[in-house]
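The values are calculated or read from the model by the stated rules, or taken from the named source; none is laboratory data. Just so it is clear, the structure is predicted and the values come from calculations on it, not from any experiment. Reconstructed Cβ throughout: ideal geometry from the backbone, glycine too, with neighbour counts over all protein chains shown.
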Amino acid sequence: MILQRIVEFDRKFGEGLPTGYRRLQVHHILQVSSQGELRAVIPTMEQDGKKVVGRLLPVPDLKRSGSAPGAGLFVDLAKYVLARGAENDPKDYAPYRSRFLELARACAQHSDDARISVALRFLEALDPGDERFNGIEPDHRLAIEVDGQAIADLPEVQGYWARYVRQKTAAKGGDARAQCLVTGEECEPVRIFAQKVVGVPNTNQGRADLISFNADAFCSYGLDQSLNSPISPEAAEGITRGLNQLIGTEKHRIRLGPVIYIAWCRENTEFDFWKALEDPQPEHVSNLLAAVVKGGATPQPNSADFFVLSLSGANSRIVVRDYHETTLDIVKANLARWFQRLQIVGLDGQPAKPVGVYRLAASLYRDANKEMPAHVPTALLAAALSGRPIPRYILGLAAKRNLAMQGPFYETGSGAGKTRELSLTRLALIKAVLTETPEDNIMNEQSDPKDRQAFACGRLLAVLDSIYTHFLNSDTPKGAPWKRPKVNVSTRYYGAACASPASVFGRLIDNSRPHLSKLRAVSKDFGYERRIEEIAGHIGSEFPKTLDVRRQGVFALGYYHQVASDRAARSQFGIREDDSTSEDKAE
């Protein structure tokens, strides 16, 4: 099914390139006269950000495999055309140049176009030491023009290359027949794919095969290589060409850690799925949510017109991580519900800015680039796309990260300038896991009493934080901003309070009493004792001995709820926060 959809895309939206051709960077064009003399070396490179890239042109391309030298047809890398590598490269490239010339001669023998013979004569007489080749890097790709005509664009060159590619990729002996797994038609299946898929993370030089068999253990019934998965030459080319176009187009692809995702519609659409999911803008999310609030008919599961494929690499092979077929209307509805579940109020009392999938997944790790496995962003993407619950192990990862950070925080800066800041991203993810439907509410009367108890414990720890902060700032001159201490109650005890509340809360409350006594004597009463009594009413007669992973997530939400509430209360008393050292500065 996946392969059929990719081939359909190639046939409908593909560039219509000749068989065996692919758009590759060409860095220099060798302009040759009709007499076979080099007129000029024309660079075609341009600046693309920090990189210098060549012009993308359709050229003959056949993957090189094994130890035997491969070659292109009138277009190839400079180290093969000129038989010279980098200064410190000991490899002998003469056999590659010989193979390049051999292929050009074979094409010229089967052609009546004089320009092909002129190009061949130029290549045979070419002097690699010509000073006009100075400045050409070994990995620069060279193309040849004769009297302004690109030789690779000539119909006879394209026809010869198509026959050459078919010969190289066909079954040995050329007598195999089978039913193509993609089209269902009888065909002469390919033994190997002519080209590799480019741009999948964690593959050899960014190039790999989607389908390959290189060991006897992968084969059966005596079939050789890809004959174990019979695919016609046309379908094989459509698969590779379609994937390369999807991966190479920004609208269709996005990379999240070690996984690349591609999405496409059966028909052209202005809806940018990846921008909506990875770089969500508040106004766009508001429009999606408004559609859900209005209600109306539930999207019907009509014939699939929207497809999402996730891929990662394993050296020379591509791993299919996930695949979805659905409709665009269902995707939009599920995305609206996704952002609805992620909604969280910021410290300023306004809805927090929506965040993308990568930031959600990255909030679970200290260094996402090094630590995040492929299945985590894949699971979040699948939940957003399908409307299914977020897997419970995501909550475990969030709780584990909170324990490591002694709270729902993340660190910024380094050395003496390192600070802890609230991770609204991780808190939003915790909320999304715990509230699978809009009706879920941890603190309503019908919710689980243990959830309400865990939420209250989180609130209590935040109140104790506020008491300690107020105590340390009790001598701060009126009007001066409060500074939050780098070491607070939560930085010392969050892990213990979250995992086993009964073991620490009694002692923490006792330790707060001297602080409260001083605060009553020197400043306005902020109502801390009344707040503790109100929270204690939700906890009950005793603190829970332990909290499981779910309640640790609830605890984190309770902690954040009270942090935001206390900040708002201090603001009402005219107290300014020193955000330069504030632990509650939001992510």
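If you filter segment 361-387 down to residues that are in contact (Cβ under 8 Å) with a residue 12 or more places away in the chain, more than 20 Å from His324 (Cα to Cα) and not hydrophobic (A, V, I, L, M, F, W, C), you find that the one that is surrounded by the fewest Cβ atoms within 10 Å (Cβ to Cβ) is Asn369. Of the residues in segment 211-228, at least one is buried (at least 19 other Cβ atoms within 10 Å of the Cβ), in a loop (DSSP other than H, G, I, E, B) and free of Cβ contacts under 8 Å to residues at least 60 places away in the same chain. Report, by residue number, each residue of segment 135-153 that is in contact with a Gly (Cβ under 9 Å, 6 or more places away or on another chain) and among the small types (Gly, Ala, Ser). If the condition is that a residue be in contact with a Gly (Cβ under 9 Å, 6 or more places away or on another chain) and among the small types (Gly, Ala, Ser), then Ala152 is the only one that fits. Inspection of segment 164-181 finds a residue satisfying the criterion of being surrounded by 20 or more Cβ atoms within 10 Å (Cβ to Cβ) and in a loop (DSSP other than H, G, I, E, B). Of the candidates Ala521, Ala556, Ala536, the single residue that is at pLDDT 75 or above and under 42 Å from the mean Cα position of the chain (by Cα) is Ala556. Of everything in segment 406-437 that is assigned to a loop (DSSP other than H, G, I, E, B) and without any contact (Cβ under 8 Å) to a residue 24 or more places away in the chain, the residue that is farthest from Tyr494 (Cα to Cα) is Thr437.
Within segment 482-517, if we keep just the residues that are surrounded by fewer than 15 Cβ atoms within 10 Å (Cβ to Cβ) and modelled with pLDDT under 85, the residue that is farthest from Gln453 (Cα to Cα) turns out to be Lys486. Kindly indicate whether Ser490 is touching a residue at least 12 places away in the same chain (Cβ under 8 Å) and not in a helix (DSSP H, G or I). Spelling it out, it is not the case that Ser490 is touching a residue at least 12 places away in the same chain (Cβ under 8 Å) and not in a helix (DSSP H, G or I).
When segment 147-163 is limited to residues that are more than 40 Å from the chain's Cα centre (by Cα) and assigned to a loop (DSSP other than H, G, I, E, B), the one that is farthest from Glu237 (Cα to Cα) turns out to be Asp147. Remark: Arg567 matches the filter, which requires a residue to be in a helix (DSSP H, G or I) and modelled with pLDDT under 90.
Outside any helix (DSSP H, G or I), over 20 Å from the mean Cα position of the chain (by Cα) and farther than 25 Å from Thr435 by Cα - does that describe any residue in segment 304-315? Taking every residue of segment 304-315 in turn, at least one turns out to be outside any helix (DSSP H, G or I), over 20 Å from the mean Cα position of the chain (by Cα) and farther than 25 Å from Thr435 by Cα. Note on segment 235-267: residues that are part of a helix (DSSP H, G or I) and free of Cβ contacts under 8 Å to residues at least 24 places away in the same chain total 0. What residue, among those in segment 445-478 that are of a type in the set (A, V, I, L, M) and crowded, with 21+ Cβ neighbours inside 10 Å, is nearest to Thr435 (Cα to Cα)? Ranking the qualifying residues of segment 445-478, first place goes to Ala454. Selection of segment 388-404 for residues being in contact (Cβ under 8 Å) with a residue 24 or more places away in the chain and not in a helix (DSSP H, G or I) yields Pro389, Ile390.
Does Arg266 satisfy being within 21 Å of Leu17 (Cα to Cα) and surrounded by 23 or more Cβ atoms within 10 Å (Cβ to Cβ)? Judged against the criteria, Arg266 is not a match.
The lone criterion from (1) under 30 Å from Ile231 (Cα atoms); (2) modelled with pLDDT of 90 or more; (3) not charged (D, E, K, R) left unmet by Leu101 is number (1). Please work out if Lys353 is basic (Lys, Arg), surrounded by fewer than 19 Cβ atoms within 10 Å (Cβ to Cβ) and outside any loop (DSSP other than H, G, I, E, B). Here the answer is no, as Lys353 does not meet what is asked.
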